[in-house]
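Input: a single structure, listed below in structure tokens.
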Amino acid sequence: MAKYSLEPIKVPKVNTEFRTIQTKLPVPESLEIFNTLSESEPVSMMGQPPVVWDKASGFQVYDKWGNKWIDWSSGVLITNAGHGRKKIIKGLRKVLDQRLLATYVFVHEKRAELTKMLQDISPDPSNYQVFILCTGSEAVENCIKLAKTYAIQKHGPNKKYIVSFQNAFHGRTMASQLAGGMAVLKTWLVDEGKTFVQVPFPDGYKNEDTSFDLFLSSLESQDINPADIAGVLTETYQGVGPDFLPVEYAQKLEAFCKEHDIVSIYDEVQSGFGRTGKMFAYEHYGVKPDLVACGKGISSSLPISAVIGRKDIMGLYGPGSMTSTHSASPLPVVSAIENLKIIKNEKLVKKSRKLGKRSQT
Ligand SMILES: Cc1ncc(COP(=O)(O)O)c(C=O)c1O
């Protein structure tokens, strides 16, 4: 991705219902901010058009100089309930008034409320639990760790492979990139993890074969014995396309995982919380993942992620040994609670299903 030019240019004025452009772009007065960032921050953070977000509401973002845009990025794939929802802000204000800004792993009441809400939308509430983290990558990492821990404890050290898909994106941290399937993102890994294996994604055009045989033959060609697989990690749809797993493939994959006691992991960081017309996209497939990685749209705002998973797998680590300093921090937790209430009360999952149908016609 190229860095955008910081040379202000005259652009046509726009004044429509949802968009206003009334200055040169980038705005000359904003250049000082960009110059400070160029000096103080790596260039990796400069991949977006040079717009300074000052205010956001619904699907719109505003700068300080009278310009207004439609946020097609949805912040990116976060604002499932919209930017700056008042109910989320009201909930956050209450926590601010309590001055409860950090709790480490000490209990606060809202943590119980959120884990229960997420448990209630899990594949099987009486048999699933919820662990809260901060980012999608962390949630994916945790799923990988849990799958490997389960496999090694139950079956021994040979059951060690994590199988994922070519072109998959699971985040930018070490294990999530080892599991990711974009070669261009993995060059820094040099000696790639020997227990991470990728197979072709059955998208129907990069790989015409969309049958599950492709999965099996690809494992065979890489000398991977199904009994040695700890976990299979997939997105329901690959964001790069978007490319969707065929239903029959997903169901065969589930049967394969059951047959070989492999932990099935769905990365719903991007696809969860109503984005595809179901609360979670795996629901389109009639499958029950063992572990689900969530993030982004969970809060429509503050950084929070979660792993929702089978109780027997989630319980593999004893008290104090699967935590993070900012796990279930009060403000992000409340933002997620209020967001989930909005999604439920405003029937946003059903709404997205309806809108999805309209955009197909
Ligand atoms: C499918 C998927 N998984 C994981 C991640 C990583 O999430 P985060 O950027 O919050 O670490 C992303 C982010 O784009 C994603 O789209």
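The values are calculated or read from the model by the stated rules, or taken from the named source; none is laboratory data. Computed from a prediction, not measured in an experiment: that's the story for all the values here. Using ideal geometry, Cβ is built from the backbone for each residue, glycine included, and neighbour counts are taken over all protein chains shown.
Within the range 43-75, if we keep just the residues that are of a type in the set (Val, Ile, Thr) and under 16 Å from Ser30 (Cα atoms), the residue that is surrounded by the most Cβ atoms within 10 Å (Cβ to Cβ) turns out to be Val61. Taking the numbered list (1) surrounded by 18 or more Cβ atoms within 10 Å (Cβ to Cβ); (2) more than 16 Å from the ligand (Cβ to nearest atom); (3) under 23 Å from Leu77 (Cβ atoms) in turn, Lys341 passes all entries but (1). Only residues that are under 23 Å from Thr236 (Cα atoms) and away from the ligand (no atom under 14 Å from the Cβ): list them for the range 292-330, please. Those that are under 23 Å from Thr236 (Cα atoms) and away from the ligand (no atom under 14 Å from the Cβ): Ile308, Gly309, Arg310, Lys311, Ile313, Met314.
Taking the criterion of being surrounded by fewer than 14 Cβ atoms within 10 Å (Cβ to Cβ) and outside any strand (DSSP E or B), the residues of the range 7-23 that qualify are Glu7, Lys10, Val11, Pro12, Lys13, Thr16, Glu17, Phe18, Arg19, Gln22. Scanning the range 214-241 for residues that are hydroxyl-bearing (Ser, Thr, Tyr) and either within 20 Å of Ser137 (Cα to Cα) or within 15 Å of the ligand (Cβ to nearest atom) (or both) yields a total of 3. Residues that are within 16 Å of the ligand (Cβ to nearest atom) and among the acidic types (Asp, Glu) were ranked within the range 248-291; the one that is farthest from Arg172 (Cα to Cα) is Glu268. Report the residue count in the range 144-172 for those that are of a type in the set (Gly, Ala, Ser) and away from the ligand (no atom under 14 Å from the Cβ). Number satisfying all stated conditions: 3.
Put simply, of Val333, Val269, Val263, Val287 the only residue that is on the phi < 0 side of the Ramachandran plot, at pLDDT 95 or above, in contact with an Asp or Glu (Cβ under 6 Å, 6 or more places away or on another chain) and surrounded by 24 or more Cβ atoms within 10 Å (Cβ to Cβ) is Val263.
Considering only residues in the range 64-81 that are without any contact (Cβ under 8 Å) to a residue 60 or more places away in the chain and assigned to a loop (DSSP other than H, G, I, E, B), the one that is farthest from the ligand (Cβ to nearest atom) turns out to be Gly66.
When the range 56-78 is filtered for residues that are over 20 Å from Ala336 (Cα atoms) and not polar (S, T, N, Q), the ones remaining, listed by number, are Val61, Tyr62, Asp63, Lys64, Trp65, Gly66, Lys68, Trp69, Ile70, Asp71, Trp72. The one condition from (1) of a type outside the set (A, V, I, L, M); (2) at pLDDT below 95; (3) closer than 29 Å to Asn339 by Cβ that Tyr4 does not meet is (3). Can you tell me which residue is surrounded by the fewest Cβ atoms within 10 Å (Cβ to Cβ) among those in the range 244-260 that are of a type in the set (D, E, K, R), closer than 21 Å to Ala147 by Cα and touching a residue at least 24 places away in the same chain (Cβ under 8 Å)? Once the filter is applied, the top-ranked residue is Glu259. For residues in the range 124-143 being within 12 Å of the ligand (Cβ to nearest atom) and in contact with a Leu (Cβ under 8 Å, 6 or more places away or on another chain), which is nearest to Arg172 (Cα to Cα)? Among them, the one singled out is Val140. Applying a threshold of 6 Å to beta carbon distances and a minimum spacing of six or more residues, or different chains, the list of pairs starting in the range 147-163 at a residue that is of a type outside the set (Lys, Arg) and surrounded by fewer than 16 Cβ atoms within 10 Å (Cβ to Cβ) and ending at one that is at pLDDT 95 or above and part of a helix (DSSP H, G or I) reads Asn158/Asp228.
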